[in-house]
1. Here is a list of conditions, (1) free of Cβ contacts under 8 Å to residues at least 60 places away in the same chain; (2) within 20 Å of the chain's Cα centre (by Cα), and ASN204 meets all of them except one; can you say which number that is?
2. For CYS174, all conditions in the list (1) assigned to a helix (DSSP H, G or I); (2) under 22 Å from SER324 (Cβ atoms) hold save one; what is the number of the exception?
3. Read through the list (1) part of a helix (DSSP H, G or I); (2) aliphatic (A, V, I, L, M); (3) buried (at least 18 other Cβ atoms within 10 Å of the Cβ), then give the number of the only condition that ILE149 fails.
4. Only one of these is within 24 Å of LEU39 (Cβ to Cβ) and hydroxyl-bearing (Ser, Thr, Tyr): SER128, SER112. Name it.
5. What is the number of the single condition among (1) under 30 Å from ASP444 (Cβ atoms); (2) crowded, with 16+ Cβ neighbours inside 10 Å; (3) out of contact with any strand residue (DSSP E or B) (no Cβ under 9 Å at 6 or more places or on another chain); (4) of a type in the set (S, T, N, Q) that THR116 does not meet?
6. LEU265 fails exactly one of the following numbered conditions: (1) modelled with pLDDT of 90 or more; (2) more than 23 Å from ASN153 (Cα to Cα); (3) not small (Gly, Ala, Ser). What is the number of that condition?
7. When the residues of segment 20-46 are narrowed to those that are hydroxyl-bearing (Ser, Thr, Tyr) and not in a helix (DSSP H, G or I), which ends up nearest to THR71 (Cα to Cα)?
8. Any residue in segment 1-17 that is among the acidic types (Asp, Glu) sitting within a Cβ distance under 9 Å of a residue that is at pLDDT 95 or above? List the pairs, counting only those 6 or more apart or interchain.
Amino acid sequence: MFFGRDRFKFVFIGAGSSVFTLKLAGDILTEGSIAGGSLVLVDIDEKKLAGSAQGIRKLVAHTKRDFTVETHNHFSTALDKADFVFFTYAVGGIDLWKNDIAICTRHGVLQSVGDTIGPGGMIRIMRSIPLALEVAHKMEEVCPEAYIINYTNPEGAQCYAIQQFSSIGCFGLCHGTPDTAAELAQKVFKIAPARFRYEAAGINHLTWFTKMTIDGEDAYPHLGSALCESGYADKEPISFDLFRVFGLYPAPGDRHVSEFFSAFLRENVLKEKNYTWKNNDFAEIDAWRTKGQRDLEALIAYDEHSFSVNSPACNPHEKFLRGSGETATHFIRSLSTGQVCTEMVNVPNRGYIRNLSDGIVVEVPAYIDSFGIHPQGGIRLPGGIAARCEALGREYMLLVEAAINCDLSLLIQAAYLDPLCAACDYPEKLILELVKENLSFLPDRWAAYF
């Protein structure tokens with residue numbers, strides 16, 4: 001399907017996520033194994049879609065690559081003969097996310113992010129899974145050999161639903177583990193990243209470094225002292241505590257990993273410890289979004305012919321072309337050329353993590369070549385970590401079933417099992433309020449409960 005080809009049709013579902021979309025497009029435009037093709041942008045927000053399209057057309061013109069750019073308001077007109085379909089969407093956008101957090105906060109549930117687990121993650125799954133499966137089923141008709149490359153959170157629920165309830169190939173990607181590995185190398189061990197090797201496994205945003213070496217020697221015996229001496233233990237205190245308690249270092253960083261354990265996101269603990277990532281007030285996220293929008297506006301406004309010096313300092317294209325840190329093009333290169341790479345990937349467990357149930361979507365290392373994606377197995381997590389990952393994976397299974405069947409009872413069951421909902425006096429009332437507030441973004445059958 002892909003081997004020997006250098007032209008592809010890429011479709012972005014949720015292309016109004018302008019910065020993310022433009023950086024992924026930038027990776028494609030600078031990938032040497034890709035000669036050209038089409039970049040197809042899909043979003044229901046016409047203003048955001050137009051901005052993304054303007055920016056990407058500027059990047060195409062600047063790189064002089066042989067790509068067409070299309071825009072569509074609905075995925076049904078965009079998918080014909082697609083090769084790779086990127087999921088970067090968030091149903092309801094940031095305003096609905098903010099409202100989710102506000103409702104949860106009123107009920108006593110604090111969330112540092114609120115997009116992966118906890119009631120914020122749960123209601124996001126109810127919104128996101130129906131669209132994921134609508135797109136996948138359309139792909140079965142018009143591009144059955146294409147891959148979905150998922151970036152929409154929660155990865156564990158999205159990839160499980162697509163793999164379990166459609167025939168479309170899907171894998172989920174996240175920059176968290178490789179980013180943390182680079183930080184450990186450079187900021188903790190003070191070495192070049194090339195000398196640092198690792199194996200990691202778990203569930204997305206709850207992934208753990210199972211092995212780490214420097215020049216082939218086990219680095220774990222030196223990690224604790226290096227974290228303290230470098231000051232990284234103070235920068236990421238929750239990750240350090242979890243390493244101390246469970247014996248492995250978590251890959252996602254404090255912002256995400258704190259949500260999987262009920263001990264951290266408590267009002268009195270947050271006051272005493274003054275963790276960087278408290279209840280999500282969106283200050284950091286809004287700052288990222290504002291910067292990204294300014295970068296996009298600068299790119300759109302830039303006139304290359306009005307500058308005699310075309311340097312990175314005055315060229316806004318470079319912010320989108322210098323590499324996003326995402327790994328999607330590595331997979332595409334390997335599938336099309338046979339050049340083998342090793343990357344982290346989210347796929348259904350098939351014995352890859354030996355002490356987690358099959359079917360749960362796990363994040364593990366994989367080799368990629370022209371024959372496909374080959375996740376690596378034989379991994380066994382420590383008992384405590386395996387127990388937490390198993391519970392999360394099964395919670396996602398329950399939530400996907402709730403989303404597909406519009407089943408309030410299963411959603412409430414998941415809330416009673418969730419670690420963050422333990423802080424809520426009345427989880428059922430919280431869930432009912434979230435569903436009621438989200439009715440216009442949910443399938444019609446949810447309205448029957450009210």
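The values are calculated or read from the model by the stated rules, or taken from the named source; none is laboratory data. In this text, all values refer to a predicted model and were calculated from it rather than measured experimentally. Don't worry about glycine lacking a Cβ; one is built from the backbone with ideal geometry, like all the others, and counts go over all protein chains shown.
1. ASN204 satisfies every listed condition except (1).
2. (1)
3. With respect to (1) part of a helix (DSSP H, G or I); (2) aliphatic (A, V, I, L, M); (3) buried (at least 18 other Cβ atoms within 10 Å of the Cβ), ILE149 is out only on (1).
4. SER128
5. (3)
6. (2)
7. SER38
8. From segment 1-17, the pairs are ASP6/SER33; ASP6/ILE34; ASP6/ALA35; ASP6/GLY36; ASP6/GLY37; ASP6/SER336; ASP6/THR337.
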